[in-house]
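Please read the structure below before turning to the comments.
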Amino acid sequence: MPKSANSMTTATDNPDQSKTRQLQLAMRLSLAAGFFMLIAKALACGITGSAAILADAAESVVHVVAVSFAAYSLWFSRRPPDATHHYGHDKIAFFSAGVEGAMIVLAAAYIGYESILRLIAGPKLENLGIGALLILVAGCINGILGGYLVWIGKKHGSLILEADGRHVLTDCLTSVGVLVGLGLTILTGWARLDPVVAILIALQILWMGSKLLRQSIGGLMDEVDPNTQAQIRQLVTQMTSEAGVEFHGLRQRNAGDKTWVEFHLLFPKDTSLETAHSLATKIEERIQQDSAMKTEVISHLETLEDHREVHSYGHFERFDE
């Protein structure tokens, strides 16, 4: 925290090497698995002619492209602040999630289009048993991998990995739907059931893609998470109450890999700058220690008696409820 009315502390000056290695390993696994899934599903599609398997394979194409971009985004987000990006590069996580969501939506449109054409023309299916086996293997691998990616993403506060994990889980659910469709097609002998299942799959991944787009837009627009805001407010209220001071103007935003927190601390007019500075630093450090994810805190020191007069208080009243 500098020797001025504005103070700032950082949870860590150097990136956690263990965390970085885990994130990079998870991303490499996702990319390698994506290529394997694509090959397996393309083979299954080629030998069966199934629209449902085509839908699954198309989703895997999207996954490989999206993971490649996500891997770049993960590397870019770890770069430290520089002369042109004072707050770091973490927000690329929301852009990455948006790209992935947009590609899922495009894949859903393509799957729906192809499925409708095959439904009208009448599908020609063969070797469904072998195709189903390949999809089963791919689905099991995706289920395990997706759960792992979401867990690592949440553990380290990485939106990029969490979004990728949810995409992989979507791919797994898609495979489950394909298997159900293929099973029913084999049992009933009704070939048109295959493109119907593919259309349902397209609608399901369209819903998932729209959720990723919504999350991306919210992050880029600094939309406040009510739960995070309530937790931070409770912590700041507790700390200031114990210290015998007041606060206002509490704001927070998610930068992707970390949370930024800002607030004003109100001290009695006769408080020395040294005392106020020391207490503010303790409050900031406590917030960082008790936060679930990496946090950077900025506090502004003011005198309690005349803080309403020295700035436009109405601007901050909106955040103090």
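If the only charges are +1 at each Lys and Arg Cβ and -1 at each Asp and Glu Cβ, what is the size of the charge dipole of the chain around the Cα centre, to the nearest 20 debye?
Details: 26 positive and 33 negative charges, 269 e Å.
For this selection, approximately 1280 debye.
Given the options Gln288, Gln17, Gln204, which has the most mean-square fluctuation in a GNM of the chain, springs set between C-alpha atoms less than 10 angstrom apart?
Gln17
Just name one of Ile104, Val150, Asn127: the one whose Cα is farthest towards the positive end of the charge dipole of segment 27-153 (beta-carbon charges, Lys/Arg +1, Asp/Glu -1).
Positive-end residue among those listed: Val150.
Would you list, by chain and number, the aspartates and glutamates whose Cα falls below 16 Å from the Cα of Lys19, excluding same-chain residues fewer than 8 positions away?
Cα-Cα hits under 16 Å: Asp90, Glu162, Asp257.
Going by alpha carbons, how many degrees (0 to 90, nearest 10) lie between the helix axis of 226-243 and the longest principal axis of the chain?
That works out to roughly 20 degrees.
Let me know the shape class of segment 155-220, please: from the alpha-carbon gyration tensor, a ≥ b ≥ c as square roots of the eigenvalues, rounded when a/c is under 1.5, otherwise prolate if a/b is greater than b/c, or oblate.
On the way: a/c = 6.95, a/b = 2.45, b/c = 2.84.
Oblate shape, in that a/c is at least 1.5 and b/c is the bigger or equal ratio.
Can you give the calculated 222 nm mean residue ellipticity of the chain, where each DSSP H run of n ≥ 4 adds -39,500 (n - 2.57) and the sum is split over every residue, rounded to the nearest 500 deg cm²/dmol?
Details: 10 runs with 219 residues, N = 321.
Helices in the chain give a 222 nm mean residue ellipticity of -24000 deg cm²/dmol.
Candidates (i) 177; (ii) 162; (iii) 143; which is the computed volume of the Cα convex hull per residue in Å³?
(iii)
Measure nothing fancy, just the Cα-based angle from helix 51-77's long axis to the longest principal axis of the chain, in degrees from 0 to 90, nearest 10.
30
Is the C-alpha gyration tensor of segment 83-143 telling us rounded, prolate or oblate? Criteria: a/c under 1.5 is rounded; beyond that, a/b larger than b/c is prolate, otherwise oblate.
Values: a/c = 6.85, a/b = 2.07, b/c = 3.31.
Oblate.
In nm, give the distance between the simple-model label positions of Lys282 and Leu200, each being 7 Å from the Cα along the Cα-to-Cβ direction.
In this crude label model, Lys282 to Leu200 measures out at 6.2 nm.
Which links in Lys211/Lys258; Lys211/Lys294; Lys155/Lys269; Lys154/Lys269 stretch past 32 Å when you go from one Cα to the other?
Values: Lys211/Lys258 21 Å; Lys211/Lys294 25 Å; Lys155/Lys269 43 Å; Lys154/Lys269 43 Å.
The answer is Lys155/Lys269; Lys154/Lys269.
Could you tell me the center-to-center distance, by alpha carbons, between segment 53-116 and segment 200-255 in angstrom?
So the separation of the two Cα centres works out to 22 Å.
Of the candidates His167, His89, His63, which one comes out as most mobile in a Gaussian network treatment of the chain with C-alpha springs shorter than 10 Å?
For the chain, modelled as a Gaussian network with Cα springs under 10 Å, the answer is His89.
How many Å² of accessible area per residue for segment 13-149, probe 1.4 Å?
Values: 6510 Å² over 137 residues.
Computed with neighbouring chains in place, this is 48 Å² per residue.
Helix 92-121 sits at what angle to the longest principal axis of the chain, using alpha carbons and giving 0 to 90 degrees rounded to 10?
Around 20 degrees separate the two axes.
The values are calculated or read from the model by the stated rules, or taken from the named source; none is laboratory data. Treat the numbers as computed from the prediction; the structure is a model and nothing was measured. Glycine gets a Cβ as well: all are built from the backbone with ideal geometry, and neighbour counts include every protein chain shown. Calculation scope for accessible area: heavy atoms of the full protein, side chains included, ligands and nucleic acids excluded. Shrake-Rupley method; radii C 1.70, N 1.55, O 1.52, S 1.80 Å.
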